[in-house]
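*Asks:* What follows is a structure written as structure tokens; I'll ask about it next.
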Amino acid sequence: MEGSAAERTASILDGTGAKVICAFCNISNSHLSNIPEDIGCDCLIAGDDKEAKEIVAKLINKIPGVRTIDTGILEKSRIIEKITPLLIGLNIKYKSHYGGLRITGIPKLDK
């Protein structure tokens, strides 16, 4: 089956009314286990339901130092999920547990 894990999940749950949002693929679990420390990463999200993405974004934005960036439809999760192995590899190479992403050059988003 092609696609992302999020898309496969949505396919499995099709017809149940569940809404699937791809999130947290690019934030280290080491960061998430150290809340309330300032994380300083962006959280890329994708999904087909606007209201569900708004709910998820409100929750994510409560995490100190995290900014949610809506990348669009759930199909974008294919790209988001592919970033994860890169970040893991960089963390291994540089002996870190905290590597993440910060997207620059876009307008400041309201929290």
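The values are calculated or read from the model by the stated rules, or taken from the named source; none is laboratory data. This one's a predicted model, so the numbers in the text were calculated from it and none came from an experiment. Methodologically, a virtual Cβ is constructed for each residue, glycine included, from the backbone with ideal geometry; neighbour enumeration extends over all protein chains shown. Quick note on the areas: whole protein, heavy atoms, side chains included, nothing else; ligands and nucleic acids left out. Shrake-Rupley method; radii C 1.70, N 1.55, O 1.52, S 1.80 Å.
*Asks:* Restricting attention to the stretch 91-111, and to residues there that are open to solvent by 80 Å² or more (accessible area, probe 1.4 Å) and in a helix (DSSP H, G or I), which single residue is farthest from ILE63 (Cα to Cα)?
*Replies:* First, pick out the residues of the stretch 91-111 that are open to solvent by 80 Å² or more (accessible area, probe 1.4 Å): 92-95, 97-98, 102, 104-105, 107-108, 110-111.
Keeping just the survivors that are in a helix (DSSP H, G or I) gives 92-93.
On the way: ILE92: 25, LYS93: 27 Å.
Once the filter is applied, the top-ranked residue is LYS93.
*Asks:* Would you confirm, using the coordinates I've provided, whether ILE27 is in contact (Cβ under 8 Å) with a residue 60 or more places away in the chain and part of a loop (DSSP other than H, G, I, E, B)? Steps first, answer last, please.
*Replies:* Working: in contact (Cβ under 8 Å) with a residue 60 or more places away in the chain: yes; part of a loop (DSSP other than H, G, I, E, B): yes.
Criteria met by ILE27.
The rows are residues; the columns are (1) more than 26 Å from GLU2 (Cβ to Cβ); (2) of a type outside the set (Asp, Glu); (3) under 16 Å from the mean Cα position of the chain (by Cα); (4) at pLDDT below 95.
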| position | (1), (2), (3), (4) |
| --- | --- |
| LEU32 | yes, yes, yes, yes |
| LYS53 | no, yes, yes, no |
| VAL56 | no, yes, yes, no |
| ILE60 | yes, yes, yes, no |
| GLY72 | no, yes, yes, no |
| LYS76 | no, yes, yes, no |
| GLY99 | yes, yes, yes, yes |
| ASP110 | yes, no, no, yes |
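*Asks:* Then there's this: If I filter the stretch 73-90 down to residues being of a type outside the set (Val, Ile, Thr) and surrounded by 15 or more Cβ atoms within 10 Å (Cβ to Cβ), which single residue comes out as farthest from GLU51 (Cα to Cα)? Give the derivation first.
*Replies:* Here is the first cut: in the stretch 73-90, the ones of a type outside the set (Val, Ile, Thr) are 74-78, 81-82, 85-87, 89-90.
Right, trim to surrounded by 15 or more Cβ atoms within 10 Å (Cβ to Cβ) and you get 74-78, 81, 87.
Values: LEU74: 13, GLU75: 17, LYS76: 17, SER77: 17, ARG78: 21, GLU81: 22, LEU87: 29 Å.
The selected residue is LEU87.
*Asks:* Would you please name the residue that is least open to solvent (accessible area, probe 1.4 Å), looking only at residues in the stretch 52-63 that are free of Cβ contacts under 8 Å to residues at least 24 places away in the same chain and among the hydrophobic types (A, V, I, L, M, F, W, C)? Spell out the reasoning first.
*Replies:* Initially, the stretch 52-63 is screened for residues free of Cβ contacts under 8 Å to residues at least 24 places away in the same chain, giving 54-55, 57-59, 62.
With among the hydrophobic types (A, V, I, L, M, F, W, C) added as a condition, the list becomes 55, 57, 59.
Values: ILE55: 92, ALA57: 21, LEU59: 110 Å².
Within the stretch 52-63, the match that is least open to solvent (accessible area, probe 1.4 Å) is ALA57.
*Asks:* Is it the case that ILE103 is of a type in the set (A, V, I, L, M) and touching a His at 6+ places or on another chain (Cβ under 8 Å)?
*Replies:* Working: of a type in the set (A, V, I, L, M): yes; touching a His at 6+ places or on another chain (Cβ under 8 Å): no.
Against the criterion (of a type in the set (A, V, I, L, M) and touching a His at 6+ places or on another chain (Cβ under 8 Å)), ILE103 does not qualify.
*Asks:* Here's something else I'd like to know. If VAL66 passes every condition in (1) in contact with a Cys (Cβ under 6 Å, 6 or more places away or on another chain); (2) within 20 Å of ALA5 (Cβ to Cβ); (3) open to solvent by less than 30 Å² (accessible area, probe 1.4 Å) but one, which one does it miss?
*Replies:* That leaves (2) as the condition not met.
*Asks:* Among what's in the stretch 30-51 and is in contact (Cβ under 8 Å) with a residue 60 or more places away in the chain and open to solvent by 20 Å² or more (accessible area, probe 1.4 Å), pick the residue that is farthest from LYS62 (Cα to Cα).
*Replies:* Of the residues in the stretch 30-51, the ones in contact (Cβ under 8 Å) with a residue 60 or more places away in the chain are 30-31, 39-42.
From what's left, open to solvent by 20 Å² or more (accessible area, probe 1.4 Å): 30-31, 40.
On the way: SER30: 17, HIS31: 14, GLY40: 13 Å.
Filtering the stretch 30-51 for residues that are in contact (Cβ under 8 Å) with a residue 60 or more places away in the chain and open to solvent by 20 Å² or more (accessible area, probe 1.4 Å), the one farthest from LYS62 (Cα to Cα) comes out as SER30.
*Asks:* Restricting attention to the stretch 2-10, does a residue exist that is touching a residue at least 60 places away in the same chain (Cβ under 8 Å), assigned to a loop (DSSP other than H, G, I, E, B) and surrounded by fewer than 16 Cβ atoms within 10 Å (Cβ to Cβ)? Explain how you work it out, then say what you get.
*Replies:* Filtering the stretch 2-10 down to residues touching a residue at least 60 places away in the same chain (Cβ under 8 Å) leaves 3-7, 10.
Narrowing the set further to residues that are assigned to a loop (DSSP other than H, G, I, E, B) leaves 3-4.
Filter once more, keeping what is surrounded by fewer than 16 Cβ atoms within 10 Å (Cβ to Cβ): 3.
Yes; the residues of the stretch 2-10 include at least one that is touching a residue at least 60 places away in the same chain (Cβ under 8 Å), assigned to a loop (DSSP other than H, G, I, E, B) and surrounded by fewer than 16 Cβ atoms within 10 Å (Cβ to Cβ).
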